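In what follows, a single structure is set out as structure tokens and then discussed.
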Ligand SMILES: Cc1ncc(COP(=O)(O)O)c(C=O)c1O
């Protein structure tokens, strides 16, 4: 049996009529940018995240970059974030000439260890990028309390957590939440895409300008970028947003199958998932990760490594982040996508149990 890591054609084929119809509608409308589908999409995104304003942009990386810029974070300012994520979480910080300050992770779920944050704050610290990972979310109540105490901006990197409301507890929400719609995400476009949501009017107006050459009603007022999503992309997202509950239920079903069938042992560890996770990735850990990946490949089962390096290693921070280092050596992501069949998950688990035990 050949089992791909990700097969997007299954979701497309399931909703083929709707996707094709939406495509035709956009093509016939003759309006390809900044039209009705974009407006509906932005309203939908604001609703999903439960924030007032939403702006679609070219990617989550741009969303984080624009958020930092809107909040006035700049050269030599320090920004705290996890040491374990996709490079897209940290690149916007480097793009600004700011300094990334990394925090080691919780070994149970690879999320930033919130207990390690406060000791890294100093007079140069301006912001925290709170990265939600694998569909699990950070405790935002804790992070927002720290941010309030030290007057820091909070940007959530929710690229992997669409459809999941983190715990805000008694705190107000974050300054910005950024998400991604690239094709590997739970809701995705036909290419790259992203969005920022915020409750702050000033930030909202600023980011709207940044995304298109600084344009507002009066003209091109400030230097900006060109980072938008097309009507076709937004039309596709709108269909998936309508199906979001169904998509989440299916992912939960697949995840539960993995948890039920995979034999946890001293050789295989399964990541701790939260009850409301969207199970963006199913990640296991084993000391013999490369060997297991190779054995699965020989059997036609694809897997991926998220992530092979801790973030500090990309730009020469040589400090030691022991938990992130361990995860990057041991983690392996197993197939999960809309339309993966029970028998495929059975086969993956059977093979892993057989190979490892
Ligand atoms: C946690 C995280 N942050 C940021 C990004 C960057 O998103 P984009 O590819 O939309 O720029 C990704 C993308 O995979 C991600 O997983």
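Coordinate-derived values only; no laboratory data. In this text the structure is predicted, and so the values were computed from the model without any measurement. Glycine also receives a Cβ, built like all others from the backbone with ideal geometry; neighbour counts cover every protein chain displayed.
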When segment 1-150 is reduced to its Cα atoms, the Kirkwood hydrodynamic radius in Å: 18.4 Å
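So how do 220-227, 231-238 stack up, highest first, on mean other-Cβ count within 10 Å? Don't skip to the end; give the middle numbers.
Details: 220-227: 14.1, 231-238: 24.2.
Packing order, densest peptide first, comes out as 231-238, 220-227.
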Cα-based shape type of segment 222-333, given that a ≥ b ≥ c are square roots of the gyration tensor eigenvalues and the cut on a/c is 1.5: oblate
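Ranked highest first by the average count of other Cβ atoms within 10 Å around their residues, in what order do 263-271, 275-283 fall? Let's see the in-between values first.
Values: 263-271: 14.6, 275-283: 21.6.
Going by the mean number of other Cβ atoms within 10 Å, highest first, we get 275-283, 263-271.
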Base-10 log of normalised Debye intensity for the chain (one unit scatterer per alpha-carbon) at q = 0.08 Å⁻¹: -0.40
For segment 30-83, the fraction of alpha-carbon pairs in successive 10 Å shells from zero, as %: 19, 40, 27, 12, 1
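Could you put 203, 168 in order, starting from the residue whose Cβ has the fewest other Cβ atoms within 10 Å? Walk me through the intermediate numbers first.
On the way: 203 21, 168 15.
Result, fewest neighbours first: 168, 203.
Semi-axes of the equivalent ellipsoid for segment 290-357, please: Cα gyration tensor eigenvalues, times 5, square-rooted, ordered largest first, whole Å. Can you show the working numbers first?
On the way: eigenvalues 171, 36, 18 Å².
In descending order, the three semi-axes are 29, 13, 9 Å.
Would you work out the relative contact order for the chain, in percent, from Cα pairs under 8 angstrom that are 6 or more residues apart? Could you put the intermediate results ahead of the total?
Numbers: 722 pairs, mean separation 81.1, N = 357.
Reported as a whole number, the value is 23 percent.
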Distance between segment 209-262 and segment 277-317 - C-alpha centres, whole angstrom: 25 Å
Rg/Rg_globular for segment 1-69, with Rg_globular taken as 2.2 N^0.38 Å and Rg from C-alpha atoms: 1.46
